[in-house]
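The values are calculated or read from the model by the stated rules, or taken from the named source; none is laboratory data. Every value quoted in this text rests on a predicted model; they were computed, and no experiment measured them. Here Cβ is always computed from backbone atoms with ideal geometry, including for glycine, and neighbour counts include all displayed protein chains. With ligands, DNA and RNA removed, areas are computed over all heavy atoms of the protein, side chains included. Shrake-Rupley method; radii C 1.70, N 1.55, O 1.52, S 1.80 Å.
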Amino acid sequence: EHMEDNMSENKYLYGEIENTAFIKAIGNSTMKNSKTASDILDKLLNGEKKEIILDMSECKYMDSTFLGLIAKYAMEIKMKWNVNLNVLNPTKTVSEGLKQTGIEKFIDIIVSSDVDNVVTEEVKSNDFGSKLEKSKYILDMHKTLMNLNEENKETFKNVVDLMEKSIDSND
C-alpha cells in the first residue's frame, strides 16, 4: 500500500501564461509515466508556437527513458520553431543526467528564484496501450540518446539491443 502512496506523488502539472507553457515534473520521471509527458509535448507541438519550460525543480529522479524524452523534444522544438527547450531549476540529479548524456548542449537551463507560480493543474496520466507500444517507445527514447554522441552509443547500446530483440519476438 505504501508504494501506491508513493506513486501518486509522481505526476506532471501543466499551466500556461500568455505564450509560455509550463510542464512541472514532480517526483520520479520514468518510463512508467513518461507517456503522460510525451502526450503534453506532442499536443503543444501540434499547436501554436510557444515557449516551453520544463520545470524540474521537484523532480527527484529521472531514468534514461525520460532523458531520451527531453532530448527528443528538444530536437523537435528546435526543428519546428527554432527555439530551445527550457529546463527550469533542475535538481542536482537532473543536472547530472543532462550533463552526462550531453543533452545540456541542446537545451537552455534556467536557474531562477523568481518563477511566477503559474496556476497549474495536474495532468491525467496516460499509459501505453500495450507492452509492445511501451517497448517501442523506450527504444525510440534510447535511440535518441545514442544519436547525440559516441559515449551515449556505448552506454545505451545494450538497452537498445535488448529492446529490439523483445520487439522482434513480439511482431
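From the Cα gyration tensor of the range 61-159, with a ≥ b ≥ c the square roots of its eigenvalues, which class applies: rounded if a/c is under 1.5, or else prolate if a/b is larger than b/c, or else oblate?
oblate
Subtract the Cα-Cα distance of residue 110 and residue 161 from 0.36 nm times their separation in residues, and report this length gain in nm to one decimal.
Stretched out fully, the residue 110 to residue 161 stretch lengthens by 14.9 nm.
For the range 1-133, what class follows from the C-alpha gyration tensor (a ≥ b ≥ c being the square roots of its eigenvalues): rounded when a/c is under 1.5, otherwise prolate if a/b is larger than b/c, else oblate?
Here the range 1-133 falls in the rounded category.
If you roll a 1.4 Å probe over the heavy atoms of the protein chains, what accessible area per residue do you get for the chain, in Å²?
On a per-residue basis, the chain sits at 57 Å².
Which percent of the accessible heavy-atom area of the chain goes to carbon and sulfur, probe 1.4 angstrom?
Roughly 49 percent, rounded to a whole number.
In deg cm²/dmol and to the nearest 500, what is the mean residue ellipticity at 222 nm of the chain if only DSSP H runs of at least 4 residues count, each as -39500 (n - 2.57), divided by the residue total?
Per the formula, -15500 deg cm²/dmol.
Only loop residues by DSSP count here, and only those with at most 10 other Cβ atoms within 10 Å; note down the GluC sites (Glu not before Pro) in the range 1-93 that meet that.
Here the GluC sites (Glu not before Pro) that fit, given the DSSP loop and packing criteria, are 1, 18, 48.
Measure up 50/157; 24/105; 11/143; 92/165 against 32 Å on the Cα-Cα distance and list the ones that go over.
Pairs exceeding the cut-off: 50/157; 92/165.
Need one number: % antiparallel among DSSP beta bridges in the range 1-120, to the nearest 5.
Percentage antiparallel, nearest 5: 30.
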